[in-house]
Amino acid sequence: MAVATAPSSVSLVKKKELGQSYWDLVWYRFKKNRLGVLGAVLLFVLYFSFVVIPEFLAPYALENRSRYVEAPPTPIQFLDEEGRFQAPFVYGLERRVDQVKRLRTWVPDTTKKYPVALFAQGDEYMLLGLIPMNVHLFGLQTSDKDARIFLLGADALGRDYLSRILYGGRLSLMIGLLGQFLTLALGVTLGVISGYYGGPVDMFVQRFTEFLAAFPNIPLFMALSAAIPAFWSPITVYFMLTIILAFLGWGGLARQVRGLVLSLREREYALAAKSFGASDRRIMFRHLLPGTMSHVIVIATLSIPGMILAETALSWLGLGLRPPLTSWGTLLQDAATVRAIRFTPWLLWVVPPILLTILTYNMLGDGLRDALDPYSGRG
Amino acid sequence: MNRSKIVSLLVGAAFLLAACGGEQPTQAPQPAQPAQPAQPQEPAAPAVKPVEATATPVPTPAPEAQYNEAPQLAALVKEGKLPPVKERLPEVPVVTPVREAIGKYGGTIRTASWWPGVGNVLLYISEPPIKWKADLTGYEPGLAESYEWSDDGKTFTLKLRKGLKWSDGQPYTSADWKFWWEDMVKDENYKGSISRPAWLRKSDGSLIDMEFPDDYTVVWKSDQPMWVNPFYMAQGFWEFANPMMKPAHYLKQYHPKYTPTATYDDLQKADQWWLTPGYPCLFAWCLTELSADGQNYKFTRNPYYWRVDEKGNQLPYIDAIEVELVQDEQVRILNCTQGKYDTAFRICGGPNEIPLLRENAEKGGYRFLENYKNGAGAWPGYMVNQYYVEGGKNYEEDTPEMAAEIRALLRDKRFRRALSYGLDRERMIEVVWGGIGEAKGATISPQSWHFASPEGQEVYKRWAAAYAEFDPDKANALLDEIGMKKGADGFRTLPSGKPFELVVDITDWGGSLKAQVDAAAEAKAQWEANLGIKVKVNNLQGQPEADTRTSEGQYMLRGAHISEIDIWTYPDWIFPIVNRYMFPLEGRWYASGKDQCKLVEGQPYSCGVKPEPGSPAAKLQALYEKGLNTKTIEDRHKVVWEAIDVIIEEGPFVIGVAGDQPMPIIVKNYMRNILDYGVVGPWAPATPGNQIPATWWMDK
């Protein structure tokens, strides 16, 4: 029979000395991890730019097609032909067709100059879906409707590629989040229950996770994407698929949480709570669950980028999002040809944001893992 | 017996064919043909005139002179392992003129395929009894010596070449045909690599009669004219080599009737010439090696091949063809740019790869065959379903009533014309084909022999120009006339006022998913902006329903690639007689025995839909039957023109954008005797099989 022990005087003293709660310690510890902080800041910037205000940052609307099909990037110029310094401008583009090579190219037309301005007026959009605006971070100040600035070139329909990367980010960054959230909620809840009760409950939950883990994802994905009504928008379809995958994918997390709970439930504080007559639910979710949080948060920060990559990979394979939707995966699809690498290499500009996002998530996750365990030896 | 015509392969076959212009078509419901090939094809370029045509074989009776053979074969003869060349050749070897020069023996062609089973190579090594001429102007005898019809067209006689042998030295005679017909086709137990197509059936659907009066004669008899039927064999690969080239002496050892221990499964397994090294074949090269993983094929020269050049050298010049299976198109393209392949037909991507391949030509040591075209009458083109029915879940309210409304719209020629006028084709070409190409309406291949005459050219031009100008005002006027008013969201509604969304299905049809995706995105933007019609692009690449939505009549528009050289053997793009393309249900009705079909419980469209009298489908089906009963080729061309008039009058049924793109067909600089003209889109002529690859050689 476990004996409830009184709070140890040592820990009381320590607490008084530091004057800090657990979360204070976590915050203190996290602040000291520069990479982690950098990751957090960058991640915030990324989400803010790609999810909240891409319409403002992008010089053009998503479907703004121009006649400049597959035009190369138009660099911002500061010097005119004679080398004099000027306010920033871009040159116009002139179409050339090489009938022998059968190649169309665009060359700068130095007779046309368009000044570049910050906060230029352009395509209309609704900021946050609410506020009608037409101001963009930058754009061309000209009455020539054909003029375009393509900092990262244009795609096969003459759309600005920078704008497409910005809009594509919204889908790529958001799409995995809900599915991931579901995975976490299910995994944690069932993991705690399974670990706490043990016995037949544990047995049942564990066998069930094994059953789910046996589903092969990609064939399932293919089958599901065929079984879904055509009037659903492609995005709804993909969204449903990620949710279904989340329902299939919580098993691994549940197992890890169960393992942690198996050890935590034998700790003194858990036994104490029990001897005070706390309900099972209270013990599980007030006492045991927080003990697993450091682990869960790390899993989450590491698996969200997994979802983003999965979107990219599945879309690239043609199973996830499909054109005409714009996501990083579908953009990558356009870049994945020998021809693109040779003639339209700017289509590879979608890669840096993907790398950056994954990197920042990992930096943040790493910082959190250290910080969430403030009593560990390091630092 | 009266024979109206004799096409003999002796001297003058060409003249006869040209002069009498006539063979004779027949009628036959369409056999199923292989589904759209996944991969081929290509882009747009200014129309180039086909240049050369090869003459048809001008066999001169074999000079008593000496025949030469490849050095390896000569060595085998010396060792006594092979009979002398004179004995291996048929009594009268087929003298085949070479294009540039008499070649040297030796060399191995390295090439690739994306197609498990390397069909794109089998396609051009197969040599059918009747083949397409190299210039695509008509047919000529190939493996067979001659062929002829009776006056009423109900009897067809095929004469085989005397002394022609299988690659293992056994004679090729009517006994092989008899075995194929009696013991395989007519043996209901056999389900292997044969077919019982509609063109081998009588009017009541039973198989025709086949007689074998002597070793070298095969006679087909039907109760209806067979003016067209034998020409199906000219697609040498899947119409002849796979289902009809059956070496009796070899297969009998696996046939239960001749070998009691064998089973039909054994036969089926053995009867795959394209997978079975050592299977006797009749072509210049036969399969001799196949790697265990199925990735590498080697075809080695057939010592009994029956063609010789003008100097009496036995063909082929090239020792062997090695094919590797490379399914990833980008990898093949890279290999092409590096000059890894000696010949590359249909494997180096489409028109948009031309710039890349051009810049690497010198480094890779290859040259372009400049006059190779795609032969596309429309690429892309949007088929419009002419009998739209419910079941495709295009709408939440997927009811027969809603389908009927949409059907009425899609069948309204004003609506289709509006879609056609509402497309800025120049801009489409800019987006899809790098700005190079000719804007046109949908047709079949411009190179089709139906258009070879001046009158035919007129017809072609009229067809290509029909409704192909960009005129949004006219288009909007037509839509207003139909009663499609603009709804609250600015998009046009159905005449009843219900919201309307036009669903465009796409796949990689034509061989390039990117071309179809870009084209559909552009067409969507244009139709929405120019016409106010809301469009949804439904990318079905790799999805099982891509084809069922078409065959069940559940699609509205579908992005396609259209190319056809001969509409009598591949009628689908003009005549709605099979369950496919623009008239899937009306075609199904025709193909499933018209009114005799029995409905499957719970599937109201399992017998298709009978075309209403006077409807385009009814008119075109009637013209098809008229064509099959028309004796001469010339007159059959006229029936095609009549059908095209119907299509212009009632159409368009396909909203065409551009066509006849040039294709990147490359060969190494040392390859000789390869014709610089061809059309790779249509499968019928099996390009470059129609130009006799046995005459190719390597100058190195």
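List of remarks:
- The set of residues in the range A:46-98 that are among the basic types (Lys, Arg) and more than 14 Å from chain B (Cβ to nearest Cβ) contains only A:ARG84.
- Among the residues of the range B:566-619, the ones that are of a type in the set (Phe, Trp, Tyr), closer than 22 Å to B:SER203 by Cα and surrounded by fewer than 23 Cβ atoms within 10 Å (Cβ to Cβ) come to 1 in all.
- Qualifying residue in the range B:653-661 (condition: crowded, with 20+ Cβ neighbours inside 10 Å, among the β-branched types (Val, Ile, Thr), part of a strand (DSSP E or B) and more than 14 Å from chain A (Cβ to nearest Cβ)): yes
- Taking the criterion of being within 34 Å of the chain's Cα centre (by Cα) and of a type in the set (Val, Ile, Thr), the residues of the range B:474-518 that qualify are B:VAL503, B:VAL504, B:ILE506, B:THR507, B:VAL517.
- Residue under evaluation B:ILE644, criteria (1) assigned to a helix (DSSP H, G or I); (2) hydrophobic (A, V, I, L, M, F, W, C); (3) under 17 Å from the mean Cα position of the chain (by Cα), criterion not met: (3)
- Complete set of residues in the range A:18-48 that are under 14 Å from A:LEU372 (Cα atoms), small (Gly, Ala, Ser) and surrounded by 13 or more Cβ atoms within 10 Å (Cβ to Cβ): A:GLY36
- Filter result for A:ASP123 (more than 14 Å from every other protein chain (Cβ to nearest Cβ) and either assigned to a loop (DSSP other than H, G, I, E, B) or more than 24 Å from A:ILE53 (Cβ to Cβ) (or both)): no
Yes or no, residue by residue, for (1) surrounded by fewer than 21 Cβ atoms within 10 Å (Cβ to Cβ); (2) under 30 Å from B:VAL535 (Cβ atoms); (3) not assigned by TED's automatic domain parsing to the domain that holds A:ASP366:
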| position | (1), (2), (3) |
| --- | --- |
| A:PHE239 | yes, yes, no |
| A:ALA246 | no, no, no |
| A:TRP250 | no, no, no |
| A:ALA254 | no, no, no |
| A:SER294 | yes, no, no |
| A:PRO323 | no, yes, no |
| A:THR330 | no, yes, no |
| A:ALA335 | yes, yes, no |
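- Taken over the range A:325-372, the criterion of being outside any helix (DSSP H, G or I), touching a residue at least 60 places away in the same chain (Cβ under 8 Å) and under 29 Å from A:THR74 (Cβ atoms) is satisfied by A:LEU325, A:THR326, A:SER327, A:THR344.
- A:LEU137 vs. criteria at pLDDT 90 or above, of a type outside the set (Gly, Ala, Ser) and over 26 Å from A:PHE343 (Cα atoms): yes
- Number of the exception - A:PHE150 against (1) modelled with pLDDT of 90 or more; (2) within 14 Å of chain B (Cβ to nearest Cβ): (2)
- Any hit, the range B:668-680, residues being touching a Phe, Trp or Tyr at 6+ places or on another chain (Cβ under 6 Å) and not assigned by TED's automatic domain parsing to the domain that holds B:THR108: no
- Close pairs from the range B:327-351: first within 11 Å of another protein chain (Cβ to nearest Cβ) and outside any helix (DSSP H, G or I), partner of a type in the set (Ser, Thr, Tyr) and surrounded by fewer than 24 Cβ atoms within 10 Å (Cβ to Cβ), Cβ under 9 Å, at least 6 apart: B:CYS348/B:THR337; B:GLY349/A:THR337
- The range B:84-102 - residue that is part of a loop (DSSP other than H, G, I, E, B) and in contact with a Pro (Cβ under 9 Å, 6 or more places away or on another chain) and, of those, surrounded by the fewest Cβ atoms within 10 Å (Cβ to Cβ): B:PRO97
- Residue in the range A:217-235 that is surrounded by 17 or more Cβ atoms within 10 Å (Cβ to Cβ), away from chain B (no Cβ under 14 Å), modelled with pLDDT under 75 and within 24 Å of the chain's Cα centre (by Cα) present: no
- Taking the range B:389-441 as the region of interest, the helices (runs of 4 or more DSSP H) fully inside it that hold 3 or more residues being away from every other protein chain (no Cβ under 13 Å) and buried (at least 19 other Cβ atoms within 10 Å of the Cβ) are B:400-411, B:413-421.
- Annotation for the range A:208-216: no member residue is modelled with pLDDT under 75 and away from chain B (no Cβ under 11 Å).
The values are calculated or read from the model by the stated rules, or taken from the named source; none is laboratory data. Source: prediction; values computed, not measured. A quick note on method: Cβ atoms are made from the backbone with ideal geometry, for glycine too, and the neighbour counts reach across all protein chains shown.
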